[in-house]
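Note sheet for the following structure.
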Amino acid sequence: MSASFENLLYDLDAASGILTLTINRPSKLNALNAATIADIDAAVQQALNDAAVRGIILTGSGDKAFVAGADIAELAALTPAQAARASELGQEAFCRIEDSTKPVVAAVNGFALGGGCELAMACHMRVASDNARFGQPEVNLGLLPGYGGTQRLPQLIGKGKAIELLLTADMVKADEALRLGLVNHVVPQAELLTFCQQLLGKILGKAPLAVGMVLECVNAHYAKGADGYKAEAEAFGRAFDSEDFKEGTTAFVEKRAAVFTGK
């Protein structure tokens, strides 16, 4: 199955179930405008409703940028009310990625600045090429992050360092991002997509329902008004009612590889 979007390439490998979404505005270093955010949101919603999609890789076209930021020319023309609404729409789209029960890996193939850093942080895991750069430079423009950057960066690297990066607008290289915990792995750019495919492939060999429940429960820890421990206990009980649990435990006793069906 393939789909067509204005600023996004949608490529599903039927054999593995891995969908690669590639932000495709190379002349703009894949900068996020309203149309691109709408494409990302529509593609993610389609993927979540497609049983053939089991995991998602999100990347940028070319070898310079994952997403170099927001489309400043478009932002500069907004009224305060329009800007607030644009922020809400971006947050909603990125939260849909974060809340996905199908694993999403950001393959960060260059600059991930501003909205690009925010998009990468909304993914469940981040793998960076060795030329990647991360940053939230909004204060240089008299702005602040609007797509969740002030919330997710402290979650990933801690409050103190996050505030420093948000206020100084400093960029960090891939190796520093790894040290801070902003990314999971750093690999040579030529190996980036293959590494992400292998990482997702390993995850997709596990029980799909259990994988989705893990993502739900981890997110519950950060959700306002949610009780992560209660969410975990409820999910633990639901897992016992699944065919995958019966298959997994039977396979363990029989000393064979489990064959999960996601039921």
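For segment 214-263, give me each residue that is closer than 30 Å to residue 91 by Cα, in a helix (DSSP H, G or I) and either of a type in the set (Lys, Arg) or open to solvent by 100 Å² or more (accessible area, probe 1.4 Å) (or both).
221, 222, 229, 230, 232, 234, 236, 238 - these are the residues of segment 214-263 that are closer than 30 Å to residue 91 by Cα, in a helix (DSSP H, G or I) and either of a type in the set (Lys, Arg) or open to solvent by 100 Å² or more (accessible area, probe 1.4 Å) (or both).
Kindly indicate whether residue 211 is open to solvent by less than 60 Å² (accessible area, probe 1.4 Å) and part of a strand (DSSP E or B).
Considered against the rule, which asks whether it is open to solvent by less than 60 Å² (accessible area, probe 1.4 Å) and part of a strand (DSSP E or B), residue 211 comes out as no.
Residue under question is residue 203, and the condition is that it be more than 18 Å from residue 128 (Cα to Cα), open to solvent by 60 Å² or more (accessible area, probe 1.4 Å) and in a helix (DSSP H, G or I); does it hold?
Criteria not met by residue 203.
Report, ordered by the first and then the second residue, all pairs with beta carbons closer than 8 Å, sequence separation of six or more or different chains, a first member in segment 149-175 that is open to solvent by 60 Å² or more (accessible area, probe 1.4 Å), and a second member that is modelled with pLDDT under 95.
Taking only residues 6 or more apart or on different chains, the pairs are 155/222.
Could you tell me which residue of segment 76-106 is nearest to residue 216 (Cα to Cα), considering only residues that are free of Cβ contacts under 8 Å to residues at least 40 places away in the same chain and polar (S, T, N, Q)?
So the residue we want is 82.
Only one residue in 106, 177 is not polar (S, T, N, Q) and not in a strand (DSSP E or B), so which one is that? Quick ask: steps written out before the conclusion?
Details: 106 fails: not in a strand (DSSP E or B).
Being not polar (S, T, N, Q) and not in a strand (DSSP E or B) holds for just one of 106, 177, which is 177.
In segment 176-193, what residues are farther than 17 Å from residue 120 by Cβ and open to solvent by 70 Å² or more (accessible area, probe 1.4 Å)?
Once the filter is applied, which keeps residues that are farther than 17 Å from residue 120 by Cβ and open to solvent by 70 Å² or more (accessible area, probe 1.4 Å), segment 176-193 yields 190, 191.
Of all residues in segment 10-19, which are part of a strand (DSSP E or B) and either open to solvent by 20 Å² or more (accessible area, probe 1.4 Å) or of a type in the set (Phe, Trp, Tyr) (or both)?
10, 11, 12, 13
The values are calculated or read from the model by the stated rules, or taken from the named source; none is laboratory data. Just so it is clear, the model here is predicted, and its values are computed rather than measured. Positions of Cβ are generated from backbone atoms using ideal geometry, with glycine treated the same way; all protein chains shown enter the neighbour counts. Areas reflect the complete protein model, heavy atoms only, side chains present, ligands, DNA and RNA absent. Shrake-Rupley method; radii C 1.70, N 1.55, O 1.52, S 1.80 Å.
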